[in-house]
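Working notes for the structure below.
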Amino acid sequence: MGAGTTHGDEAIPEGQEVGFLSLRHIAFALPVILLHLGCGLVFLVGISPLAMAVFVASSTIQVVGITLGYHRLLAHRSFKTSRAFQFVLATFGVLAGQNGPLWWVGHHRHHHRHSDTESDTHSPLRSFFWGHMGWLFSTACIPVRRRLVADLARLPELVGLERYFYVVNAAYAALLYGAGELVGAWYPASGVSGFQFCVWGLAVSTVWVYHSIWSANSICHRFGFRRYPTPDQSRNNFIVSLLTFGDGWHHNHHYCPSSARHGFLWWEIDINFIILRVLSRLGIVWNLRMPSGRIRSATRRPDRLS
């Protein structure tokens with residue numbers, strides 16, 4: 001291919017191609033496997049009310065980090081905020097274990113340019129498993145699509161998160177462990193330990209969020225309803241919307257990617273948009289981009305189930 005291997009509209013520079021089962025390939029895929037296996041440790045560490053609270057808190061942080069931070073802010077610029085709060089949201093996204101912000105955003109922007117075509121990195125048209133998570137074990141998905149994230153690459157704090165996302169996650173694991181040990185020492189009857197907090201707040205929560213977020217790539221391109229003439233196979237799915245705080249209104253999003261609001265009708269629950277409305281009133285975010293009146297009026301057409 002000369003200068004590199006072409007995937008869609010971006011050439012991976014020569015020297016960045018990743019060999020199958022190379023150290024870089026193993027380092028990329030192994031954490032996904034280990035986290036899934038780590039969920040089995042719940043039978044060793046047990047469960048406690050505080051561990052469940054840690055699970056819910058960690059899961060919420062991770063979902064907000066991916067869907068509100070990586071997706072609506074960094075990938076689509078559907079609202080504006082300060083660089084400080086942008087860094088907070090991006091850090092939450094890093095804690096979800098889905099790599100750094102440049103990697104995630106680059107692949108997502110590529111998906112929108114080539115949705116459900118042969119160039120789409122994770123279209124479920126190849127197979128449901130491929131679209132859901134199989135693509136993550138391909139060597140082609142490992143390099144950052146830098147040509148698609150030139151805007152983010154100019155921000156040193158985001159580049160730092162991209163480079164040291166493993167360190168951020170290790171620090172969070174240490175924080176969970178330390179908190180669990182302190183609670184267990186202070187209140188032994190709670191049955192809490194640092195290891196228990198790590199299993200529920202890191203392994204179980206991350207795997208839960210993995211499959212919630214990945215469902216937008218798989219389920220929301222196979223099951224649900226459509227109302228717009230998009231060239232892809234995107235669909236709206238109520239259950240996925242609940243799991244992802246509104247990102248399951250995936251067909252709406254593909255029709256109007258720049259909108260900060262994904263649920264266009266009153267009954268299309270969009271928790272992320274509610275969060276944005278609250279943050280807007282507090283002056284933390286602003287310039288929320290909304291679907292036009294023409295787009296909103298089109299929702300009056302009968303939905304097509306498929």
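The values are calculated or read from the model by the stated rules, or taken from the named source; none is laboratory data. Note that the structure is a prediction, hence the values are computed from the model and not measured. FYI the Cβ positions are ideal-geometry reconstructions off the backbone, even for glycines, and counts take in every protein chain you see.
Residue 92: modelled with pLDDT of 95 or more, under 20 Å from residue 176 (Cβ atoms), among the aromatic types (Phe, Trp, Tyr) and part of a helix (DSSP H, G or I), yes or no? Criteria met by residue 92. With respect to the conditions (1) of a type outside the set (Lys, Arg); (2) surrounded by fewer than 21 Cβ atoms within 10 Å (Cβ to Cβ); (3) closer than 23 Å to residue 235 by Cα; (4) at pLDDT below 95, residue 139 lacks only one, and its number is (3). Checking each residue in region 42-61 for being under 23 Å from residue 168 (Cβ atoms) and surrounded by fewer than 16 Cβ atoms within 10 Å (Cβ to Cβ) picks out 53, 56, 57, 60. Here residue 144 fulfils each of the conditions (1) part of a loop (DSSP other than H, G, I, E, B); (2) within 19 Å of residue 210 (Cα to Cα); (3) not charged (D, E, K, R) apart from (2).
Here residue 192 meets the list (1) farther than 21 Å from residue 215 by Cβ; (2) in a helix (DSSP H, G or I) almost entirely, failing just condition (2). Anything in region 230-254 that is assigned to a loop (DSSP other than H, G, I, E, B), touching a helix residue (DSSP H, G or I) at 6+ places or on another chain (Cβ under 7 Å) and not hydrophobic (A, V, I, L, M, F, W, C)? List them, or say none. The answer is 230, 232, 233, 234, 235, 237, 244, 246, 247, 248.
Listed residues 205, 190; which is hydroxyl-bearing (Ser, Thr, Tyr) and at pLDDT 95 or above?
205
Filter region 224-245 down to residues that are crowded, with 22+ Cβ neighbours inside 10 Å and among the hydroxyl-bearing types (Ser, Thr, Tyr) and give me whichever is nearest to residue 63 (Cα to Cα). Residue satisfying both the conditions and the ranking: 244.
The one condition from (1) buried (at least 22 other Cβ atoms within 10 Å of the Cβ); (2) without any contact (Cβ under 8 Å) to a residue 12 or more places away in the chain that residue 98 does not meet is (2).
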